[in-house]
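Input: a single structure, listed below in structure tokens.
Nothing in this text is a laboratory measurement; each read-out follows from the coordinates by a stated rule. The structure presented is a predicted model; accordingly, all values stated were derived computationally and were not measured. For neighbour counting, all protein chains shown are included, and Cβ atoms are generated from backbone atoms with ideal geometry for every residue, glycine included.
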Amino acid sequence: MISISGLRSVRGPCAVVLVLVLTTSPAAAQRSEPVDSVAESEARTHFDRGVTFYNESDYTAALVEFKRAYSLAPTWQVLFNIGQSYFQVRNYAKALVTLSRFIDEGNDRIPDARRAMVETERADLANRVGHANVTSNRTGAVVAIDDEEAGVTPLRGPVLVSVGLRRVKAMVPGLPPIEEEVSDVHLDFPEPSPPPPALAPEPAVSPPPAARTTQAPSSLSVNHAPALAAFGVAVAGAAVGAVFGGMVLHDKSRLEAECAGKACSAGSQPDIDAVSRDGMFSTIGFGVTAVGLVVGTVLWIGAGHSRSGELPSGAQVGPVRLGPGVVGGSF
């Protein structure tokens, strides 16, 4: 979790004075470490570019040039210019750190007026920064705040940051980076999925030896399918015959009430026709039932004989001896 404490609202910009200090005289420059003349000349070029950009209010470009000049010729005076550029681009944390280095490295060589101005600026910057405590569920994650590297988890301590929303990014090799623009963030990387368990190879199964004779099917639905179909037709015919037979009985009972003997009224003719028609359908239905029963029985018996005549698996055909009283021999 990253939390920022001691944050206050940003006040108006303080006045800054750009100091142009980069001299070839070792005594005047008071550089932190010796540099060769070529590097010093290149540093002066970058410094002059920085001054030009700063005067044009292009503070981002000025910051780049001043930092490049300091890397080539690290003199403590240039830290003032870098600190002022950080302030203008609103990186108050870097501005405070850089101006503090300017005070520490310049020490008693800094003019009193300049020291007083920088101390005032540092007091103002102290109200614009806070400390971020960064933790992560993974070690070795590279943490960057606002595209500037802050360290590798676990960090040694809180990180000085500017007020407001900060863009925090964390990177771990082999995992997608995590990036958020928040004031509080927890660098929580997803746990890697465990590899799937290795499957043991299935033992090879030898195919069964081929049967010497064809085995009879084990399911009755195969051998007796035609017989079952015939029985189904018989059942359907019986259902049709029963339905139309019931209709015939119903119509006849109604005709008996309408007719006297064999004499019926003219209005009874539709009922007479219905009795004739329904009687025909009933007769056909029961006829189909009879045929289906006969055919089904024959097919069922024939399927049973077919199965009983098959040889069992593995049976061998050998010589057959004919019994006494039968003409013939062995074959």
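Note on Val298 and Glu119: the extension gain reaches 52.6 nm, defined as 0.36 nm multiplied by sequence separation minus the Cα-Cα distance. Extension gain for the segment Ser100 to Thr283, taken as residue separation times 0.36 nm less the Cα-Cα distance, is 54.1 nm to one decimal. Arranged from fewest to most other beta-carbon atoms within 10 Å of their beta carbon, Leu99, Leu72 become Leu72, Leu99.
A crude spin-label estimate for the pair Ala126 and Asp108, with each label 7 Å from Cα along the Cβ direction, gives 2.4 nm.
Exposure proxy for Phe281, Phe87, Phe80, Phe244: other Cβ atoms within 10 Å of each Cβ, ordered fewest to most, give Phe281, Phe244, Phe87, Phe80.
Full extension of the chain between Asp48 and Asp147 gives 33.0 nm of extra length, using 0.36 nm per residue less the Cα-Cα distance.
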